[in-house]
Structures are given as structure tokens and as C-alpha cells.
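**Student:** Before anything else, here's the structure in question.
We did not get these values from a lab; they are worked out from the coordinates using the rules stated. Computed from a prediction, not measured in an experiment: that's the story for all the values here. So basically every Cβ, Gly included, is an ideal-geometry build from the backbone, and we count neighbours across all protein chains shown.
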Amino acid sequence: MTSHTTTPTEASRFRPFAFLTSNITGLVLLIALLATFYSMYATGFTSKFNLYTMGRVMAIDIVIGFAMMVVLVTGGLNLAVGAIGVAAAMFGGWAMESLGLHWGFGALLALAFGGVLGAINGLATVKTGVHSFVITLATMSVYFGAMIVLTEAEAFRALPKDFTVIGKTRYYGFVSALLPIALATGAILLVLFRYTALGRKIKAAGANPRAAELSGIAVGNTVVFCHCLSGVLAALAGLMLTARNGAALPSMAGHVGQDWLLPSFLAPVLGGTLLTGGTLSVVGTALGAILVSVITTGLLLMKFADFWLNLFLGLILLAAVLLDRVRSVYAARRQQMQVD
Amino acid sequence: MRRSLLNIDWLGLLAIAIAGSMALAWYKPAFLSTHNLYVLMLGFSLSVLVALSQMVIIAIGQMNLAVGAIGGMVAIIFAGSMEVLGLPVPVAVLLGILIGVIAGFINGYITVKSGISAFVITLATLSIFKGINLGITEAQPFYAIPDVVKQLGNARLGPVPYLLFLPLAIVVLLTILMTRSVIGKQILAVGANPNAASLSGISLTRVVVIAHIISGSLAAIAGMLTVARLQMGDPMIGNDWLLISFAAPVIGGAVLTGGSVSVIGTCLGVVVITLISNALVLLEVDPYYVQLLLGLLILSAVGLNRYREVRQRRASA
């Protein structure tokens, strides 16, 4: 990890294949390539209905990816993303259906609830000093178990029409109304991490907690904030999924919410967010989620992957991390040569 | 110092397990019925292999998310090779173990050669192994299991299921391996400090790969025993192994950064978890509470370890 030794100008001089070492360009090219391929060979890929359903999946996967990304930047992780998403969505469903609250208020409560669950993860991590893996593994089980016990595994199906219509709305016949929500979320995160002092503090704390602490950043607070934000984003993804399904289902993220585990890591890792903390890419994460949903949709349309889909997604994740590794080794070697 | 601490760890657990059993037996005499003891031991025999499969990886300071996926893949290949290919049982068993070994080798080799965290690698292979499972079965179980396997799954000596014997033997073997053998000490050394271990001449590649192979084989055996237990090759096998695989070693005092695990502690962790699940059934509590309690149990075990650490540090300061 000697990649910090050279200045950016020096590093950019010797890069004929720079676009390959940039995640964003690489992802855009890959998505464009795949989309072209599918529109030629997968019948129905460019149909309005397919674009609309693909957009719905994409929007939810983008937000799930964000929920993991904001914790990865601290150098931790959040296995409970799925459990929080479902628990918060069920809470929102309860507020709308059983309490009869306005859907907007119910949704806000659900987001706040997700934030509280996330903050508990953050506090437990900071206070015990135990890695967030174990904490969130435990709370994943606690949150999901409590949700099942409280709801008796019953769904909320009589949700306000004004809320469920969001999942069915399409603009111009092919743009799902969920997409603007995901993109707006991305814009907020982009501003937070690129232009605010808080965002810079979070990144500094993630890159080197001890140095950040010494330079006066309250590292513990940034970790709690990120976990809280992760909870809010997970709740948002849960609400979007609820709107799409037209009901809040306890099973919508699988057993203890583990169905969200793979998409939540795929998007940020494909987008160049490092698991060691300190760096993140909001645009990359969104593109990562878009790439995954394009690949998935195409494979399903070509009747290629009904049951083999998991295998493909696993191979993609493996290829992505290995490629990333090769790239960084290559970059380090080139820098070494320059130094020599 | 560390050794005595470990001993206290599992003595406490043993006390909890004994006190819990006595309380249950007093409150619900059905606890001591032959059938209930049989159910208890059956639950223990399958969970303990899952927990040990994870424990070996925790020992080297990594984690293996794919334990359940390996178990599930081996389970359906074991069942499928007998039903579809008509392989004799012993050959199918060998095939199952071989697949577990290969899966473990892949996890270990990629992790150590790429230097990427085992978390991501095993998350990817989890998906790959699960994908192979679903691709082969199309989510439909294999029902035509040979009678020998079915009989093994049902056979019992009084309250003792036959399925308990193999896991017990493995517990003994693994205890010897971890405490007495060279590779066991090397595994712990790598977990405690990979750099120091490497500098003192231990081959990281060899140790990490061997640990993952042990983990893969244990998951494979757990998968095949589950087939005997359920009397079918269910593609869902392994789906719910993740939590228990971490819960038992952690409750048993394993340090997740590596280098310190206890086979006995892990076994007692499984005993405590099995007792709690059983108690909820006997007390007619909603089984969904198991999930909640397991999570709280991990949290309290982690909190307790932390509390002990802090106190120890204060005492030495």
C-alpha cells in the first residue's frame, strides 16, 4: 500500500490505459457494452415494460448499496442492512395501517426507526470496541427476531393507496418513480461526502482512526453517525420495496434479511469503495448497482439464469475484487519503477 | 495467564449448562424424557459440526460466510449423486467430502493469494456455491435417498442418536489437532500474528489453505448428516447456519481477531444454544424467540468478554 507516495500529476502521466484503472469510466463502458449486447440479443430488453421493471429493481439496489457504503467508509460493515430494512418497513406499515397515520408521516417514522436501529449498532460498536461484524451479526438476528415476534409474521397489506402508487408510477411509460428517489438520495450523499466538513471527517476517520483522533476528530461520533445513516438508507430501501410490492412483507429480504447481503456488498465493491475504509464512491456504487441489475435482467430475459443467477453474481463479485487487486498491485509496481 | 482465563471461560459455560438443565428438568419433567433427550442430542450433533467449521477459520483470524453454502451444496450433490447417478453410498460420501475439501481449498487459496479479506471472498463463494445448489436442484429437493442413509438418520441407542457418534469423534480429533499437533499450533500462531508466524518460518499459504480445507470438510459432513436427518436432499440445507456458526464459538470464548479458540468452549456454546431452543419448545414459547435470544446471547457474550478485558487491564495497570 505505497500508493499514496506519488502526487496525482505524477501518477497520471504514465497512464495510457487510465480508463481501465478508473472505476467510473470502466463501469459506464461495461454497462453500455452489456446494454448494447442485450438490446440486440435479449428479446424484450428495450421494451418499455422491461425498462420500467428494471428501473424499479435498480433503484432499490442502489439504495441498498448506499446503506452498506456509508458503513464501509468507516472501515466497518453492517450485516443488519436487510434486517433493519425489513423491520423499519414493517414499522412503517404498522404506522400507516394500524395507527392510520398519513403515509408521509408513517414513512418518516420508518426512516427514523431505521436510524435508531442503525445508531444502536454504531453505539454498540464504539462502546464495546468489538468489530461491527459481530455486533451487526447479533443485531441482525435481534432486530429480525423482534420484528417477527411483534408482527407474528403477518404482512401489512392494506397500505394507503397514495403510498403504494409510488411503486407503480412510471414516467414516459418506462421510468419508474423509484429511480428519482434513488438518484436524489445519491445526490445528497454526494454533497455530504464531497463538500461538507462532516463528510471529510468521516473519510479521514475511516482512513486512519488514530491520526484522525489525534487531529481532533471525534472518531466515535462519526462511526455512530454512519451507522445511523446506514439505518435510514436501509429503511428507505425497505419502504421502496414495500411500495413496489404493495405490501409490507416480513419475508421480503429473506431469512434474517440475508438476501440483501450480496447486493449490498456488490454495488459498493464494484464501484471502488474499499473495505478497509476511508474511501468511497457514491457514483461508483450507483453504477455498480446499475451494472448488476442490467446483467441480472438480461440473463433472466435470455432464460439463462433462473436458478444459476446466484452463481453469476458470485462470480462477478469475485472477478471484481480480484481485478481490483490486480489493478492496485499493477499501480504499486509501476510507482515502484518510477521511484527506482 | 491466557490459559487459565480460557479455563474459567468454559467452566462458567459448563455451570450455566448444568444449572439450566437442572432447572428445566425440575420445572418440566418432560425435559428428561427419552424422546426429548434424543431430540436434544440430535440438534447438538448437527450444530456442533457447523460451529467447529467456523471455529477453525476464526482461529486463523478470518471468517467463513460460506459454511452454510458449502454444507448445502454438498448435501444436494450427495443426495443427487445417489438418486440420479445411482452412486453407492460410500462413493457418494467420499464425493461429498471431496467437494467440501475443494470448496475449502478454493476459499483458502484465493484468500491467501489475493490478500483480499476472507469476508468478501467467502461472500462471493457463498453465492457461487448456493448458485450451483439452486442450478442443480432448481429449488426442488431430492427425495429418493437410499434406505441405509435414512436408517442411519433414524437409528438410536435409547436416547442416543447414531448421528451423534461421528461428531463426537470429530470433537475429540479436533481437540487433539488444535492442542497437540504442529498444524494446530501453526493455525493459532497465524491467527494471533500472521507476520510473526510468517517470519518464524510458517508457510501462511499452507496453514490458511489447510484451515479452510478442514472447515470445508466439516461443513460437508454436517451437510450429509443433515440429509440423513431430514431423509432428503433439501436445497434449503445450510440457509440458517450463519448465525449459529458464529454464536457458538463466540459464546465459547473465541477471540474473533484470531489466535484463541477453544473446542470445548465451542461445544459448550452449542450445548447452551441447544438447551435454550429446547427450553423455548418445552415452555411452549413462540419459536421465533430463538432468533431474538441468539442475537442477545452473542451481544452479551461479546460484552462480557469486553468487560473482563477492561477489568484485567485495570488490574494490571
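**Student:** Could you work out how far apart the two model spin labels at B:R306 and B:S117 are, taking each label as a point 7 Å from the Cα in the direction of the beta carbon, and quote it in nm?
**Tutor:** 1.8 nm
**Student:** Sorted from largest to smallest, which semi-axis lengths in Å does the alpha carbon gyration tensor of region A:103-156 give for its equivalent ellipsoid, taking the root of 5 times each eigenvalue?
**Tutor:** On the way: eigenvalues 118, 50, 7 Å².
Semi-axes from the Cα gyration tensor: 24, 16, 6 Å.
**Student:** Sticking with this one: For the protein assembly as shown, what is Rg from Cα atoms divided by 2.2 N^0.38 Å, rounded to two decimals? Don't jump to the answer; show the numbers that get you there.
**Tutor:** Numbers: Rg = 25.1 Å, N = 657, 2.2 N^0.38 = 25.9 Å.
Dividing the Cα Rg of the protein assembly as shown by 2.2 N^0.38 Å gives 0.97.
**Student:** Using a Gaussian network for chain B with springs between C-alpha atoms less than 10 Å apart, which of these wobbles most: B:T34, B:T137, B:T175?
**Tutor:** B:T34
**Student:** Please return the longest stretch of chain A lacking exposed loop sites, where trypsin sites (Lys or Arg not before Pro) count only if DSSP places them in a loop and at most 14 other Cβ atoms lie within 10 Å.
**Tutor:** With trypsin sites (Lys or Arg not before Pro) excluded where exposed in loops, chain A gives A:1-156 as its longest stretch.
**Student:** If you plug each phi of region A:76-87 into the Karplus form 6.51 cos²θ - 1.76 cosθ + 1.60 with θ = phi - 60°, what whole-Hz ³J(HN,Hα) values come out, in order, with x for Gly and Pro?
**Tutor:** Those phi angles translate into x, 8, 10, 5, 8, 3, x, 5, 5, x, 5, 4 Hz.
**Student:** Report Rg (one decimal) and Dmax (nearest whole number) for region A:30-153, counting Cα atoms only, units Å.
**Tutor:** 18.5, 55
**Student:** Further question on the same structure: Which residues does the label zone of A:D259 cover in region B:123-146, counting backbone N under 18 Å from a point 7 Å along Cα→Cβ?
**Tutor:** Residues B:127-128, B:130-135, B:138-140 fall inside that zone.
**Student:** Another one. Using the eigenvalues of the Cα gyration tensor, what equivalent ellipsoid semi-axes result for region A:208-264 when each is taken as the square root of five times the eigenvalue, whole Å, largest first? Intermediate results must be reported in sequence, preceding the final value.
**Tutor:** Details: eigenvalues 230, 28, 11 Å².
Semi-axis lengths for region A:208-264 are 34, 12, 7 Å.
**Student:** What is the distance, in nm, between label points placed 7 Å from the Cα along the Cα-to-Cβ direction at A:K48 and at B:V172?
**Tutor:** According to this spin-label approximation, the distance is 7.3 nm.
**Student:** While we're on this one: Can you give the Rg to Rh ratio of chain A, both from alpha-carbon atoms, with Rh computed by the Kirkwood formula?
**Tutor:** In chain A, Rg relative to Rh is 0.99.
**Student:** If you don't mind, there's one more thing I want to ask. Hey, in the GNM for chain B with a 10 angstrom Cα cutoff, which one of B:V263, B:V285, B:V227 fluctuates hardest?
**Tutor:** Looking only at B:V263, B:V285, B:V227, the largest GNM fluctuation is found for B:V285.
**Student:** Nearest 0.05, what FRET efficiency do B:R314 and A:V283 give at R0 = 35 Å with Cβ-Cβ as r?
**Tutor:** Between B:R314 and A:V283 the formula returns 0.15.
**Student:** What number do you get for region B:199-267 when its Cα radius of gyration is normalised by 2.2 N^0.38 Å, N = residues? Mind showing how you got there, number by number?
**Tutor:** Details: Rg = 15.1 Å, N = 69, 2.2 N^0.38 = 11.0 Å.
Against the empirical 2.2 N^0.38 Å value, I get 1.37 for region B:199-267.
**Student:** Given R₀ = 51 Å, what would the calculated FRET efficiency be for A:L33 paired with B:A25, taking r from the Cβ atoms and rounding to 0.05?
**Tutor:** Values: r = 66 Å, r/R0 = 1.30.
Once the sixth-power term is evaluated, E becomes 0.15.
**Student:** Another question about this same structure. Expressed in nm to one decimal, what extension gain is obtained for the pair A:V175 and A:K161 from 0.36 nm per residue of sequence separation less their Cα-Cα distance?
**Tutor:** Extra length from A:V175 to A:K161 when fully extended: 3.1 nm.
**Student:** Separate question: Under the √(5λ) rule applied to the eigenvalues of the Cα gyration tensor, what semi-axes describe the equivalent ellipsoid of region B:106-166? Give them in Å, descending. Write out the running numbers ahead of the final one.
**Tutor:** Numbers: eigenvalues 246, 73, 14 Å².
Working from the Cα gyration tensor, I get semi-axes of 35, 19, 8 Å.
**Student:** So if I take the alpha carbon set of region A:122-199, get Rg, then get Rh from the Kirkwood formula, what is the Rg over Rh ratio?
**Tutor:** Numbers: Rg = 18.9 Å, Rh = 16.8 Å.
Ratio of gyration radius to Kirkwood radius for region A:122-199: 1.13.
**Student:** Evaluate the charge dipole of the protein assembly as shown about its Cα centre and quote only its size in Debye, nearest 20, assuming +1 on the Cβ of each Lys and Arg and -1 on the Cβ of each Asp and Glu. Don't skip to the end; give the middle numbers.
**Tutor:** Values: 36 positive and 20 negative charges, 325 e Å.
Around 1560 debye, computed over the protein assembly as shown.
**Student:** In whole Å, how far is the Cα centre of region B:264-284 from that of region B:70-108?
**Tutor:** Between the Cα centre of region B:264-284 and that of region B:70-108, the gap is 29 Å.
**Student:** Between A:L198 and A:Q336, what is the label-to-label distance in nm when each label sits 7 Å out along the Cα-to-Cβ direction?
**Tutor:** The two pseudo-label positions are separated by 4.2 nm.
**Student:** In addition: Given a 10 angstrom Cα cut-off, can you work out which residue in A:T296, A:T164, A:T128 is the most mobile in a GNM of chain A?
**Tutor:** Sorting by GNM fluctuation, first place goes to A:T128.
**Student:** Run the paramagnetic zone check for B:V101: 7 angstrom along Cα to Cβ, then residues of region B:55-73 with backbone nitrogen under 20 Å.
**Tutor:** Answer for region B:55-73: B:56-57, B:67, B:70-73.
**Student:** Let me ask something else about it. Need one number: the % of Cα-Cα pairs in region B:184-317 sitting beyond the 23 Å mark. It would help to have the intermediate numbers written out before the result.
**Tutor:** On the way: 4461 of 8911 pairs.
Everything past 23 Å amounts to 50 percent.
**Student:** Let me know the volume per residue of the alpha-carbon convex hull for region B:128-234, in Å³. List each step's numbers first, then the result.
**Tutor:** Numbers: hull volume 13.9 nm³, N = 107.
Output value, Cα hull per residue: 130 Å³.
**Student:** Give the calculated FRET efficiency between A:L323 and A:N208 to the nearest 0.05, with a Förster radius of 30 Å applied to their Cβ-Cβ distance.
**Tutor:** With a Förster radius of 30 Å, E is 0.70.
**Student:** If you don't mind, another one. Can you classify chain B as rounded, prolate or oblate using the Cα gyration tensor, where a ≥ b ≥ c are the square roots of its eigenvalues, rounded means a/c under 1.5, and otherwise it's prolate if a/b beats b/c and oblate if not?
**Tutor:** Oblate shape, in that a/c is at least 1.5 and b/c is the bigger or equal ratio.
**Student:** Test of the criteria: in region B:98-177, which chymotrypsin sites (Phe, Trp or Tyr not before Pro) are in a DSSP loop and have at most 11 other Cβ atoms within 10 angstrom of their Cβ?
**Tutor:** B:Y143
**Student:** Determine the calculated [θ] at 222 nm for chain B from helices alone, applying -39500 (n - 2.57) to every DSSP H run no shorter than 4 residues and normalising by the residue count; nearest 500 deg cm²/dmol.
**Tutor:** -26000 deg cm²/dmol
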